[in-house]
Amino acid sequence: MAATKKYMTSFYVLYACFAIIILVFAAFFGYRYNNEENGLNAPYCTEGLMWLMYGMFAVTFVLAIWSVIKSIKLSMSSKGENVSGVPGGKITAFSFGFMFLSLLIGLLCNLNEEDFVAADGTVTPAYLVTVTDMFLVSTYILLAFSAIAMLVNMTGYFKKRK
């Protein structure tokens, strides 16, 4: 009974988040563009979209910290035994290792960048350009890997082998 209640709660929270995101994006793309800002024509709802992104980042960060603390407490109380059958320690180690590998690949691909000079004369130092590009390359690598992992999981190949 408690599992069903938790499932339904997460189900409703998920759809409430989808509704909020859809409403903010509809307001951003559907409202007017007469918000003059630094000589550019920006949508009125740009700040709303930015606050949505900040809020989603904050909630995700808090939930990630909570999840780590909860999993540490659970692993300490279970005396090291694997209660779910999922090798969580191996998955965590692989995930962190792959993340650091993708960051290293991103850094090596973007060494020796030059300063970026914007049209208004603002100069971005080379090290910031390198770090930004490193994170972008890492994001693309992790996105491609997660899409491939999702597709492999959907085929059920590893489940059939057991």
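The values are calculated or read from the model by the stated rules, or taken from the named source; none is laboratory data. All values derive from a computational prediction rather than experimental measurement. Here the Cβ positions follow ideal geometry from the backbone for every residue, glycine too, while neighbour counts run over all protein chains shown.
Name the one entry in ALA19, ALA126, ALA58, ALA27 that is modelled with pLDDT of 85 or more, farther than 30 Å from LYS159 by Cα, in contact with a Cys (Cβ under 9 Å, 6 or more places away or on another chain) and of a type in the set (Gly, Ala, Ser).
ALA27
Return the pairs, sorted by first residue and then second, in which the second residue is exposed (fewer than 15 other Cβ atoms within 10 Å of the Cβ), the first residue lies in the range 127-148 and is assigned to a helix (DSSP H, G or I), the beta carbons are less than 6 Å apart, and the residues are 6+ apart or on different chains.
VAL129/PHE116; VAL137/CYS109
Determine which single condition GLY97 fails, assuming it passes every other condition in (1) exposed (fewer than 12 other Cβ atoms within 10 Å of the Cβ); (2) in contact (Cβ under 8 Å) with a residue 12 or more places away in the chain.
Here GLY97 clears every test but (2).
Of everything in the range 7-23, what is touching a helix residue (DSSP H, G or I) at 6+ places or on another chain (Cβ under 9 Å) and of a type in the set (A, V, I, L, M)? Give them in sequence order.
The answer is ILE20, ILE21.
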